[in-house]
1. Counting only residues that are buried (at least 19 other Cβ atoms within 10 Å of the Cβ) and under 22 Å from B:Tyr265 (Cβ atoms), which one in the range B:187-215 is farthest from the other protein chains (Cβ to nearest Cβ)?
2. Tell me the residue from A:Leu307, A:Leu273, A:Leu226 that is more than 14 Å from chain B (Cβ to nearest Cβ), open to solvent by 20 Å² or more (accessible area, probe 1.4 Å) and part of a helix (DSSP H, G or I), please.
3. Within the range B:225-255, track down each residue that is open to solvent by 30 Å² or more (accessible area, probe 1.4 Å) and among the polar types (S, T, N, Q).
4. Considering only the range A:116-131, how many residues are surrounded by 19 or more Cβ atoms within 10 Å (Cβ to Cβ), of a type in the set (A, V, I, L, M) and within 12 Å of another protein chain (Cβ to nearest Cβ)?
5. I'd like to check something: does the range A:45-56 contain any residue that is open to solvent by less than 70 Å² (accessible area, probe 1.4 Å) and over 26 Å from the mean Cα position of the chain (by Cα)?
6. Which is free of Cβ contacts under 8 Å to residues at least 60 places away in the same chain, more than 13 Å from the chain's Cα centre (by Cα) and open to solvent by 40 Å² or more (accessible area, probe 1.4 Å), of A:Glu205, A:Glu215?
7. Among the numbered criteria (1) of a type outside the set (Asp, Glu); (2) modelled with pLDDT of 85 or more; (3) farther than 15 Å from A:Ala186 by Cβ; (4) more than 18 Å from the chain's Cα centre (by Cα), which single criterion is violated by A:Phe248?
Amino acid sequence: MALALFHLLIFPGFLFLFVFALAMEFVDRKLYARLQNRVGPPWFQPFADFIKLSAKEDIVPEKADAIMFRLMPVFALAAVVTAFFYIPMWGPQALFSFSGDLIVVIYLLTIPTLTFFLAGWHSTSLFSMIGATRTLTQLFAYEVPLFMAILAPALLANTWSLSAMTVFYDQHPAYAGLNVIGFIVALIALQGKLERVPFDIPEAETEIVGGTFTEYSGRLLALFRLAIDIEAVVGASLIAAVFLPFGFGLGAAGGFVIYVVKVLIIIALLALLRTVLARLRIEQMVIFCWKVVAPAALLQLLINLILSGVLRS
Amino acid sequence: MANVKIPIGPQHPALKEPESFTITLNGETIISMDVRLGYNHRGIEKACEERNYIQAMYLVERVCGICSHSHSTCFIQAVEEIAGLAVPPRAQYIRTIIAELERIHSHLLWLGVAGHEIGFDTLLMYAWRDREAVMDTLAALTGNRVNYGINTIGGVRRDISPEQLAGLLKTMDVLEERTKYYIEVASQEITLIKRLSGVGYLAHEDAVKLGAVGPTARASAVDRDIRRDDPYIAYKDLDFKVITDTHNDVYGRTLVRVGELMQCYNMIRQLVAKIPDGPVTVKAPRKIPAGEAFSRYEAPRGEDVHYVKANGTDKAERVKIRAPTLANLQSVAKMMENNRLADVPIIIAAIDPCFSCTDRMVRIHDAGHGRQETLSWQALHTYSLDWHRKQGIDFKALNAKLSRRMKL
């Protein structure tokens with residue numbers, strides 16, 4: 001019981017995730033700044049932001065649905081933290097696993113986006129509502145390619161469990177190289193999920209102020225931002241587990257270092273993506289996702305289907 | 001979704017100054033747009049009439065923070081014309097150098113703002129970093145980064161040393177290289193082209209009909225530039241091309257501005273090579289003889305027009321300023337048609353608006369009742385005194401007290 005609580009709350013649970021996510025936010029912001037020829041924030045900036053936001057007043061708009069408005073950040077945070085426990089990190093075995101946890105993780109990672117929509121919708125402000133509709137429109141564009149990209153490696157491994165999948169690729173490392181298209185698709189979809197340039201359409205500040213989060217302030221905004229930071233880390237861990245399943249044989253400490261390096265690489269790739277691109281329009285984004293990203297994911301699915309048929313026979 | 005009215009402004013992250021655009025949307029598509037001006041009225045024209053010409057010149061320089069030299073030169077040209085002053089050639093060259101440096105810094109600033117409006121913050125950071133080179137040069141030549149204060153009636157206040165001219169040429173080389181890089185980015189970066197081309201379409205006929213000026217008009221193939229058509233200061237001695245474009249959209253406006261940057265570097269090189277020796281100022285009378293003059297100037301944003309009427313005293317009788325943004329605002333409504341909400345910031349930004357330069361009146365608008373009224377200067381004065389009296393502040397007593405203190 002005590003050990004389980006320690007796992008849940010301290011390591012690798014909430015506290016570790018909190019520190020790790022904010023550290024990764026720093027890496028992302030610093031890289032983004034350096035790539036833009038700026039100095040960038042000091043290492044403690046994300047922590048300082050979190051503390052400062054937490055100390056600020058929470059303002060709930062008069063016409064907003066107060067219960068929904070307050071609950072949504074907590075929901076978002078709970079969903080991403082839960083998803084983390086089913087992802088293999090420094091060993092091929094996740095903290096918890098069962099057959100079909102892949103679907104659960106993908107589902108849990110969709111919840112934050114839904115909470116953004118509901119939060120924006122229940123804020124009843126014009127900008128929030130436009131942001132909310134954009135969030136949902138965008139969700140349908142990147143979610144399907146992401147599902148297909150992550151299911152393709154699962155097909156090859158012939159399992160619905162993330163841990164079993166990692167064990168399979170750990171034993172057959174060469175097969176992981178076949179999932180390159182899926183890796184790129186998943187990276188693009190994760191960028192969309194995190195609502196960052198070029199897919200920051202739902203919170204495009206020059207168009208709709210803060211988008212979904214226009215009415216949020218204080219602790220509630222801090223929780224939302226923490227949820228997004230953790231979502232970035234969890235998303236990066238998921239991609240690392242599915243597409244980069246190497247280096248599990250180096251013991252606990254070595255495995256941990258390799259895990260951090262993998263997450264760093266993915267975070268750096270995402271930061272690079274948002275440095276070199278401009279924000280797309282919503283219809284351009286949807287067209288891009290359905291005409292380019294989805295066919296690429298389908299191609300990966302097809303390759304893996306044929307391969308798994310060849311392997312089994 | 002039924003039609004929704006979205007307020008862009010008076011306070012909005014996309015706008016650098018308060019101005020109100022009410023946009024009617026159907027889903028994400030713009031149906032119509034309504035502009036309301038008047039949040040920045042500062043009464044500069046009236047204030048000019050209460051000051052002598054030198055003071056008025058400094059005031060006019062503060063009409064705009066970016067094209068400050070444009071306004072002060074435009075105003076002073078009118079005053080010098082009335083007074084019949086012959087400005088020494090060296091002073092005219094110095095004015096032209098500052099004018100072109102100002103255009104460079106304004107266009108680089110615009111490039112950054114345009115990048116920010118389409119969510120391309122890297123372009124903003126790069127363009128503004130390079131803009132620092134111009135700002136530093138301006139500070140070295142005039143003493144100030146903005147509001148240079150180099151003009152005076154009858155010439156300029158500071159001479160430029162040969163070392164400074166050499167430094168200027170070096171800066172131009174650096175900036176030319178950077179600008180070539182931006183041209184490369186503008187012609188290759190896919191998301192940038194996707195966000196800019198076809199957005200804010202303004203057909204050639206519409207640009208002519210709505211009286212668009214500057215880069216906005218030139219991007220719709222309106223071949224009009226005051227520097228060539230009605231040369232002032234030293235422009236008649238310079239060899240340059242007027243950049244026009246046939247894209248008719250925001251992408252065209254970007255290309256025109258970047259193209260103009262390349263012309264600016266060339267012009268500054270010519271100016272440095274040709275600058276004559278001699279005095280930089282002639283003595284100007286304090287009182288300007290009665291008369292009137294009309295002056296045109298190609299500011300970075302387009303044609304700037306000043307009208308000055310003198311009555312023989314040391315103060316102007318009437319000063320009228322028409323900033324380029326006013327001429328371009330009418331075409332914004334046309335550009336908005338059939339675009340998306342996402343394009344609103346970049347379409348507004350593409351005319352390089354400067355609202356505080358434009359505002360010439362305040363209109364009281366009662367949002368609750370839709371009642372509108374215009375106040376005269378006298379009425380506004382009385383209203384202000386009455387309002388303060390109601391708050392318990394009586395200026396009569398205060399004025400009496402102040403004048404008593406002054407006597408002691």
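The values are calculated or read from the model by the stated rules, or taken from the named source; none is laboratory data. It should be emphasised that the depicted structure is a prediction, and the values quoted were computed from it without experimental measurement. A quick note on method: Cβ atoms are made from the backbone with ideal geometry, for glycine too, and the neighbour counts reach across all protein chains shown. Accessible surface areas use protein heavy atoms only, side chains included; no ligands, DNA or RNA. Shrake-Rupley method; radii C 1.70, N 1.55, O 1.52, S 1.80 Å.
1. B:Gly214
2. Numbers: A:Leu273 fails: more than 14 Å from chain B (Cβ to nearest Cβ); A:Leu226 fails: open to solvent by 20 Å² or more (accessible area, probe 1.4 Å).
Among A:Leu307, A:Leu273, A:Leu226, only A:Leu307 is more than 14 Å from chain B (Cβ to nearest Cβ), open to solvent by 20 Å² or more (accessible area, probe 1.4 Å) and part of a helix (DSSP H, G or I).
3. Answer for the range B:225-255, where residues must be open to solvent by 30 Å² or more (accessible area, probe 1.4 Å) and among the polar types (S, T, N, Q): B:Thr244, B:Thr246.
4. 2
5. Going residue by residue through the range A:45-56, those that are open to solvent by less than 70 Å² (accessible area, probe 1.4 Å) are A:45-50, A:53-54.
Add one more test, that the residue is over 26 Å from the mean Cα position of the chain (by Cα), and what stays is none.
The answer is no, given that none of the residues of the range A:45-56 is open to solvent by less than 70 Å² (accessible area, probe 1.4 Å) and over 26 Å from the mean Cα position of the chain (by Cα).
6. On the way: A:Glu215 fails: free of Cβ contacts under 8 Å to residues at least 60 places away in the same chain.
On inspection, the qualifying residue turns out to be A:Glu205.
7. Of everything listed in (1) of a type outside the set (Asp, Glu); (2) modelled with pLDDT of 85 or more; (3) farther than 15 Å from A:Ala186 by Cβ; (4) more than 18 Å from the chain's Cα centre (by Cα), A:Phe248 misses just condition (2).
Condition check ((1) over 18 Å from the mean Cα position of the chain (by Cα); (2) modelled with pLDDT under 85; (3) buried (at least 21 other Cβ atoms within 10 Å of the Cβ)) across all residues:
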site: A:Val74; (1), (2), (3): no, no, no
site: A:Gln93; (1), (2), (3): yes, yes, no
site: A:Leu114; (1), (2), (3): no, no, no
site: A:Met148; (1), (2), (3): no, no, yes
site: A:Gln171; (1), (2), (3): yes, yes, no
